[in-house]
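A.B. asks: My structure is below; once you've seen it, I'll send some questions.
The values are calculated or read from the model by the stated rules, or taken from the named source; none is laboratory data. The shown structure was predicted, so the numbers you read here are calculated from the model rather than taken from an experiment. Neighbour counts are summed over all protein chains in view; Cβ atoms, including those assigned to glycine, are modelled from backbone coordinates with ideal geometry. Note: areas computed on protein heavy atoms with side chains; ligands, DNA, RNA excluded. Shrake-Rupley method; radii C 1.70, N 1.55, O 1.52, S 1.80 Å.
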Amino acid sequence: MTSRPFDVYQIRRDFPSLDQHIHGQPLVYLDSAATSQKPRQVIESISRYYSGANANVHRGSHSLTSTATNQFEAARDTVAEFLGAPKNSIVWSRGATEALNLIAQSYGRHILKPGDEILVSEMEHHANIVPWQLVAEQTGAKVVKWPVDPISCQLDMAQLDALLNSNTKLVCVCHISNVTGTLNPIREITEKAHNIGAVVVVDGAQAVVHEHVDVTELDADFYVFSGHKVFAPAGIGALYGKPALLDAMPPWHGGGKMVEKVSFGGTLFAQSPAKFEAGTPNVAGAIALAEAITWYKSIDRKAAERHIAHLQKRLVNGIQSLDDLNIVGLQPAASVVAFYVEGVHHSDLATLLDQQGIAVRSGHHCAHPLMDAIGINGCVRASIALYNTEEDIDRCIEAIRKACDLL
Ligand code: PLP
């Protein structure tokens, strides 16, 4: 598909939610790392599905169910192609969190033994920490921290060499940090982990909307993401797993659709991915996710990333021109800027920004260990998407300046 030339004002016309006022001011939405806004093509696809093809999938033989099933399975193919993955290696989930829990409970619980180690980076979102703690408790394995440098907010590859050992069974790491935007060298990590026989779980929640992801090139064993961060609705996401791993894993949830034959003598499970998809799935969400990917692929993504990097630099320059503002782990050309003002509570700052129509996220960003490593209890995060403009950035800088004058 040829992409349309990048024009931010034309792109914005696809996003009805951007055209609104908050506290009497035009909305500046700088919280896309929490969730992206949705293009009308995605919103319309949900309406179209429920107005037409709505039926349960993989059940019955009437026309609507086969139309819905075809669309649902075509959506799986769209996700597979988006990730550079083979067709049947995509399992639907509610999002990144559920996918990580599935890996922990199906793969982890099945293979981990007392004394085994699960290496988890310190910059992870809680979604890529807590499932490993739960499975460690269930199996006697141990979660080991891969520390982050508190200033650069990057991971040290030499430290990885020192931490990997024959007990390491899993390495769990994000592709891009949700707090600082740090881009981790996944290919290098998978190579090192595979040398000692460990399996790598990559949390791609923040990456699929900025990086060109190819799980085959990355050699990731598992890769997860949430649809809502890539222009799709909440409640749908995907898990990629290497087919040999998925085939060897037992199911996590039991119920309808994940079986070949059930009797009171026992159950014969379906093949993967159906084996991991018990119950009625989010059909409309899966179809809308495919629509979101198709929409996103219609954009010149390289130009979009150049635009985002330009806006991030503008925001960084603006913030650095203000007194007493500290940027946390600044990453050049990332889509996020995390910052705090000495002596000012981050949520007070975010509230004053909201009163001026600026939506940013404040708090610990579901990354307590990273906050502890940096030595702060929270910060404000402005996250930029392809639909933001220079005017958005200038209004944000001006609003921070005004808020700091008041605090
Ligand atoms: N991982 C990262 C890096 C995230 O940023 C998020 C959400 O902010 C998650 C995981 C969890 O995603 P979800 O809440 O959609 O399951």
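A.B. asks: Per the Cauchy relation, a quarter of the hull surface: what is the mean projected area of the convex hull of the alpha carbons in segment 312-382, in nm²? If you can, show how the numbers build up before the last one.
C.D. replies: Working: hull surface 18.9 nm².
That works out to 4.7 nm², a quarter of the Cα hull's surface.
A.B. asks: What does segment 259-386 give for Rg and for Dmax, in Å, if only its C-alpha atoms count?
C.D. replies: Here Rg and the maximum Cα pair distance are 22.1, 71 Å.
A.B. asks: Still on this structure: Work out how much length Glu398 to Asp161 would gain on full extension: take 0.36 nm times their residue separation and subtract the Cα-Cα distance, in nm to one decimal. Spell out each step's value before the answer.
C.D. replies: Working: separation 237, 0.36 × 237 = 85.32 nm, distance 4.51 nm.
Value of the extension gain: 80.8 nm.
A.B. asks: Just want the answer: with Cβ charges of +1 for Lys and Arg and -1 for Asp and Glu, which residue in Gly266, Ala290, Ile358 is farthest toward the dipole's positive end in the chain?
C.D. replies: Farthest towards the positive end: Gly266.
A.B. asks: Normalised by the empirical 2.2 N^0.38 Å for globular proteins, what value does the Cα Rg of segment 41-171 take?
C.D. replies: Working: Rg = 20.2 Å, N = 131, 2.2 N^0.38 = 14.0 Å.
Compared with the compact-globule rule of thumb, segment 41-171 sits at 1.44.
A.B. asks: So, one more: Got a number for carbon plus sulfur as a percent of segment 44-297's accessible area, 1.4 Å probe? Each step should come with its number before you reach the end.
C.D. replies: Values: 5260 of 10050 Å².
Here carbon and sulfur together make up 52 percent of the probe-accessible area.
A.B. asks: Still on this structure, please answer the following. If the limit is 21 Å between Cα atoms, which of Lys169/Lys192; Lys145/Lys275; Lys229/Lys402 go over it? Mind dumping the intermediate values first?
C.D. replies: Values: Lys169/Lys192 12 Å; Lys145/Lys275 32 Å; Lys229/Lys402 30 Å.
Listed pairs above 21 Å: Lys145/Lys275; Lys229/Lys402.
A.B. asks: When the chain is treated as a GNM, springs tying every alpha-carbon pair under 10 Å, which of Ala284, Ala74, Ala385 comes out with the largest mean-square fluctuation?
C.D. replies: Ala74
A.B. asks: Can you put His364, His58, His175 in order of accessible area, largest first, using a 1.4 Å probe?
C.D. replies: Working: His364 65, His58 90, His175 10 Å².
Descending order: His58, His364, His175.
A.B. asks: I would also like to ask the following. Suppose we look only past 15 Å in the calculated P(r) of segment 1-54. What percent of the Cα-Cα pairs does that tail hold? Spell out each step's value before the answer.
C.D. replies: Values: 907 of 1431 pairs.
For segment 1-54, the fraction of Cα-Cα distances above 15 Å is 63 percent.
A.B. asks: Next question, about the same structure. Give me the distance between the Cα centres of segment 312-359 and segment 1-51, rounded to whole Å.
C.D. replies: Segment 312-359 and segment 1-51 have Cα centres spaced 24 Å from each other.
A.B. asks: Given a 1.4 angstrom probe, I'd like the percentage of the accessible area of segment 306-407 that is carbon and sulfur, rounded to a whole number.
C.D. replies: On the way: 1980 of 4200 Å².
Of the solvent-accessible surface of segment 306-407, carbon and sulfur hold 47 percent.
A.B. asks: Moving to a separate point now. At a temperature of 10 °C and a viscosity of 1.306 mPa s, determine how fast segment 1-91 diffuses translationally according to Stokes-Einstein, using the Kirkwood radius over alpha-carbon pairs as Rh; express D in µm²/s, rounded to the nearest whole number. Working shown, then result.
C.D. replies: On the way: Rh = 16.4 Å.
D, rounded to a whole number, is 97 µm²/s.
A.B. asks: How large is the convex hull of the Cα atoms of segment 191-344 per residue, expressed in Å³ as a whole number? Working shown, then result.
C.D. replies: Numbers: hull volume 28.9 nm³, N = 154.
That works out to 188 Å³ per residue.
A.B. asks: Rolling a 1.4 angstrom probe over the protein chains, ignoring ligands and nucleic acids, what is the accessible area of His345 in square angstrom, nearest 10?
C.D. replies: So the heavy atoms of His345 present about 80 Å² to solvent.
A.B. asks: Right, something else. Say the dipole of segment 44-297 comes from +1 at the beta carbon of Lys and Arg and -1 at that of Asp and Glu; which of His253, Ala99, Thr190 then lies farthest toward its positive end?
C.D. replies: Working it through, the farthest residue towards the positive pole turns out to be His253.
A.B. asks: Between segment 224-303 and segment 153-207, how many Å separate their Cα centres?
C.D. replies: Here the two parts' Cα centres lie 24 Å apart.
A.B. asks: Here's a follow-up. With +1 on the Cβ of every Lys and Arg and -1 on the Cβ of every Asp and Glu, and nothing else charged, how large is the dipole of segment 252-407 about its Cα centre, in debye rounded to the nearest 20? Don't skip to the answer; put the middle values down first.
C.D. replies: On the way: 14 positive and 17 negative charges, 152 e Å.
Here segment 252-407 has a charge dipole of around 720 debye.
A.B. asks: Probe radius 1.4 Å, ligands and nucleic acids left out: which of Phe264, Phe72 has the largest accessible area, and how do the rest follow?
C.D. replies: Details: Phe264 220, Phe72 0 Å².
Solvent-accessible surface, decreasing: Phe264, Phe72.
A.B. asks: Something else about it: Under a 1.4 Å probe, what is the accessible area of the chain per residue, stated in Å²? Spell out each step's value before the answer.
C.D. replies: Numbers: 16960 Å² over 407 residues.
Per-residue accessible area for the chain comes out at 42 Å².
A.B. asks: Still on this structure, please answer the following. Taking a quarter of the surface of the Cα convex hull of segment 113-229, what do you get in nm²?
C.D. replies: Numbers: hull surface 28.2 nm².
Dividing the Cα hull surface by four gives the mean projection, 7.0 nm².
A.B. asks: Starting from the coordinates of the alpha-carbon atoms of segment 292-336, obtain the Kirkwood hydrodynamic radius over all distinct pairs and give the value in Å to one decimal.
C.D. replies: On the way: mean 1/r = 0.0831 Å⁻¹.
12.0 Å is the Kirkwood radius here.
A.B. asks: So, one more: If all Cα-Cα distances of segment 148-187 are sorted into 5 Å bins from 0 onward, what percent lands in each bin, rounded to whole numbers?
C.D. replies: Going out from 0 Å in 5 Å bins, segment 148-187 shows 6, 19, 29, 25, 15, 5, 1 percent.
A.B. asks: Right, something else. At 1.4 Å probe size, what's the solvent-accessible area of Thr216? Round to the nearest 10 Å².
C.D. replies: Number for this one is 90 Å².
A.B. asks: Here is a follow-up. Compare His62, His125, His212 by solvent-accessible area with a 1.4 Å probe and give them largest first, with all protein chains kept in place.
C.D. replies: Details: His62 105, His125 60, His212 145 Å².
The ranking, largest first, comes out as His212, His62, His125.
A.B. asks: A further question on this structure: Under Stokes-Einstein, with the Kirkwood radius over Cα pairs standing in for Rh, what whole-number D in µm²/s applies to the chain at 20 °C and 1.002 mPa s? Please list the in-between numbers first.
C.D. replies: On the way: Rh = 22.3 Å.
Translational D for this selection: 96 µm²/s.
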